[in-house]
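Below is one structure, written out as C-alpha cells, with a few remarks after it.
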Amino acid sequence: MASPAPTPAPSVQPLDAGDSLSLAERAYRHLREAIVKGQIQPGGHISERSLANALGISAQPVREALRRLESDGMVISLPRRGTVVAEFTEDRLSEMGHVRAALEGAASAIAAARASESDISGMLFQLRAMREATDAGDIEALARANEQFHALLHNSTGNVFLIRSLAALRAYDYVARRRALAGTPREPSRAFREHCGILAAIRRRDASLAERRTRSHVLRSMRVGGIVAAD
C-alpha cells in the first residue's frame, strides 16, 4: 500500500527570527496553534521535512516539537503512516471535557485567592470583548475572547503545572467552545453571563463559589455542544 501523501501546510508561516525562545519551543507553540486553529486538519499526515521547510528551520526542532505534541495527545505516531493529527471522537471529547471541568474549577478557586487587580482588569477587558462579539453575532470573535479570558484566568493562578495541564487541552477547547457557542441562538448570551458570574466570584475572593460556577459552566457547555448526554 502506498504511503499517504503528506498534508500540505501552506498556511503555516515561517518562524519569527527575532524570537528569543529555542527553535524547538517555537516550533512546538507554532504547530500547536496551527492544529488548534484547524490549519492542519485532524487525521492529516504530517511530514517533518515539509513542515521544516514551511517554518524555515531544520527537521530536528520539528521532530522535538512533534514528540511534545504527541505527549499532549494532539498528534499520534502510527506504524507505516508516520505522524498524524489526532482526531477527536465523541468519547475522547467527553473524557477531555470532564478533566477540563475539574481543572478549570480548580483554577478558578486558586484565582479567587491569588488573582491580582491587573489579572482581574485583563479578564474584565475580555468580558467586554465577549459582550461586543455577542451583540454583533460574531461567534469566532466570541470564541477568541473566551479563550483569552480563560488564559488570563489560568495564568493568574501562578500554578505552572496547572497552567501546562490546561494548555494540553487547547485542542479540545477549540472544538468544544465552537460547538457550544454555535449550539443554540441563546448560547452566546448565556455563556457571557456565566463568565460574568465566574469573575464576580473571583473578585469576591469566594473560591468555593468560583469553582462551582466554573465547573457548572464547563459541563453545561459540553451538553449544549452535544459532547455529553443531557441530564
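How high is the FRET efficiency between Glu25 and Ala141 when r is their beta carbon distance and R₀ equals 45 Å, given to the nearest 0.05?
0.95
Mind listing P(r) for the chain? All alpha-carbon pairs, 5 Å bins, whole percents.
1, 7, 13, 16, 17, 16, 13, 9, 5, 2, 1, 0, 0
Would you work out if segment 23-85 is rounded, prolate or oblate? Take a ≥ b ≥ c from the square roots of the eigenvalues of the alpha-carbon gyration tensor; rounded if a/c is under 1.5, else prolate when a/b is larger than b/c, oblate otherwise.
rounded
I'd like the FRET efficiency for Arg204 and Ile163, computed as 1/(1 + (r/R0)^6) with the beta carbon distance as r and R0 of 25 Å, rounded to 0.05.
That pair, Arg204 with Ile163, gives E of 0.60.
Using helices alone, what [θ] at 222 nm do you get for the chain, with -39,500 (n - 2.57) per DSSP H run of 4 or more residues, divided over all residues and rounded to the nearest 500?
-22000 deg cm²/dmol
Pop a pseudo-label 7 angstrom from the Cα along the beta-carbon direction at both Lys37 and Glu132 and give the gap in nm to one decimal.
Those two pseudo-labels are separated by 2.0 nm.
Take the alpha carbon atoms of segment 169-231, find their center, do the same for segment 44-121, and report the distance between the two centers in whole angstrom.
Cα centres, segment 169-231 to segment 44-121: 21 Å.
Which order do peptides 72-80, 208-216 fall in by mean Cβ count within 10 Å, highest first?
The peptides rank, most packed first, as 208-216, 72-80.
Once you put a point 7 Å from the Cα of Ala182 and another 7 Å from the Cα of Ser118, both along the Cβ direction, what distance in nm separates them?
Rounded to a tenth, the inter-label distance reads 3.7 nm.
Provide Rg over Rh for segment 51-136; use the alpha carbon set for both Rg and the Kirkwood Rh (inverse mean inverse pair distance).
1.13
Rule-based calculations on the coordinates, nothing more; no lab input. Because the structure is a prediction, the values reported are computed rather than measured. Virtual Cβ from ideal backbone geometry, glycine too; neighbours counted across all protein chains shown.
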